[in-house]
Structures are given as structure tokens and as C-alpha cells.
Amino acid sequence: MNFSVSGSSVSKGETFKDTVRNIEAMKVDMIVVRHGSAGVPQYLTRISDSVVINAGDGIHEHPTQALLDMYSIREKLGKLEGLKVCIVGDIAHSRVALSNIFGLQAMGAEVSVCGPATLIPRNISELGVKVIHNIDEAIQENDVLNILRIQLERKAKAAFPSTREYHKYYGITKERMEKNKKDVLLLHPGPINRGVEISSEMADGEHQIILEQVTNGVAVRMAILYLLGTRQGEEN
């Protein structure tokens with residue numbers, strides 16, 4: 001069943017807790033939740049007996065995206081351990097970045113982040129990642145670039161003068177890749193802002209696996225539903 005807060009009892013004054021309990025009364029086994037507020041999936045685990053899957057909470061985390069990103073890298077390069085992966089772009093407003101950092105480090109990859117200082121969270125280096133502010137350096141040092149969308153709807157545009165300037169200094173272009181003479185694998189969780197974080201030529205080029213990520217996302221999320229559903233059945 002599909003449930004949206006807009007037009008639901010929540011918008012009419014019912015508490016989130018009561019709404020969840022009403023949904024559970026329909027005998028659901030799993031709740032897949034995407035919410036604008038960080039921490040909602042964790043809160044659900046405290047008030048619900050169902051398996052809770054975090055499909056993105058605010059600008060906190062997006063675990064299933066990180067899993068499909070890691071799967072896509074391993075499928076293409078054959079491993080994760082020892083790889084150098086740089087997450088490029090709007091780190092400050094991205095829920096993808098944090099999950100990728102935790103996941104990739106757990107699998108033995110070396111992780112860095114790259115972007116203008118206004119889009120890099122303060123103290124992120126405490127997570128064990130290297131901070132790079134020069135995109136050419138990021139290309140030269142890494143095997144994989146995971147390029148994040150500039151989240152204009154979350155006021156990221158205020159962090160730099162213009163999208164044109166962002167593209168000039170941080171955009172992934174054919175000229176920049178050729179200048180650095182590096183065969184780097186390109187990922188992007190989408191949707192793409194063409195001409196901002198990546199040029200159309202590179203978004204459709206041979207180095208990227210953007211549509212493969214989408215395909216792999218279906219399989220990874222099917223596996224999550226299957227494994228967690230089976231586990232719940234065994235526990236019961």
C-alpha cells in the first residue's frame with residue numbers, strides 16, 4: 001500500500017504515531033519510509049513492530065542508495081577494498097553522501113569529498129574522509145567519482161555565485177577529464193542537472209554508469225525486501 005502525508009489524517013491533525021499504528025493495524029510487515037525530517041525511520045523503530053527501511057530521511061542518510069552505488073562500483077571494477085572514491089558536489093545537503101561514506105569505509109575503500117567550502121560540512125574530516133577543494137586533484141587521485149546533484153530546492157544555490165560558475169570550477173567535463181588523463185568511473189544518483197555538476201557529453205559518455213545504477217537499484221532493493229521479509233518470517 002502507498003501512503004502520503006499530504007491529504008492524510010496527519011494533515012488533519014492526527015499525530016504521526018497514531019497514523020503509523022493505524023497503518024500497522026492493516027497487518028503490514030514492512031514500512032519503507034522517506035521523510036523530510038532526519039531521524040523519522042529511527043523513531044518508527046521505537047513505535048512500530050514492523051521492519052523499517054529508510055528510503056531517505058531529510059539530509060541525514062539514504063542507505064539503499066549507498067548499497068546500490070557500492071554494488072555498481074563492485075560490478076564494474078570487481079572490488080571495493082582499496083579503491084579511492086571521491087564524493088563530489090553538494091555534500092552539505094545530501095543524504096546520499098553520509099551513507100556512502102559509512103558504507104564504502106566499511107568495505108575498505110578510501111573516501112574523500114570534493115566541492116566548494118560552502119558545500120562541505122564543517123568537521124566532516126572527523127569521519128575519516130579527505131577534503132579536496134580542487135576538482136582536478138580529485139580526478140587525479142581517485143578511481144571513482146560519485147557526483148552529487150546540486151540541490152537547488154534546498155537553497156544550495158546560495159552557497160555559490162551561479163550554477164555557471166559552479167560548472168566552471170567543479171563540473172565534470174570532457175575537457176577536464178582529458179586534461180587530467182585519468183580513466184575514472186563516474187556515478188550520479190540522479191536526477192542530473194546537465195551543464196551544472198556534469199556536462200551532457202560526460203553524462204552520456206563511456207565513463208559513466210548512471211543508468212546501470214538505476215537498474216541495479218531495482219535488484220538491490222528487491223534483495224533488501226526479500227532478506228528482511230524472510231528474516232522477520234523466521235523470527236516469528
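Just so it is clear, none of the values below were taken in a lab; they were calculated from the coordinates. Everything quoted here is computed from the prediction, not taken from an experiment.
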With springs only between Cα atoms under 10 Å apart, run a GNM on the chain and tell me which of 177, 222, 70 wobbles the most. 222
For the chain, modelled as a GNM with alpha-carbon contacts under 10 angstrom, which of 96, 113, 33 fluctuates the most? 33
Quick check: Cα centre of segment 183-226 to Cα centre of segment 56-93, how many Å? 11
With no solvent and one point per C-alpha, what does the Debye sum give as log10 I(q)/I(0) for segment 29-89 at q = 0.12 Å⁻¹? -0.41
Just the Cα atoms of segment 9-58, one point each, no solvent: what log10 I(q)/I(0) does Debye give at q = 0.19, 0.30 Å⁻¹? -0.60, -1.25
Candidates 191, 116, 63, ranked by Gaussian network fluctuation over the chain, Cα under 10 Å, top entry: 191
What fraction, in whole percent, of alpha-carbon pairs in segment 1-103 exceed 22 Å separation? 42
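So for the chain, averaging the separation of alpha carbon pairs under 8 Å that are six or more residues apart and normalising by length, what relative contact order in percent results?
16
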Looking at the square roots a ≥ b ≥ c of the eigenvalues of the Cα gyration tensor of the chain, which shape do they give, rounded for a/c under 1.5, prolate if a/b is larger than b/c, or oblate? prolate
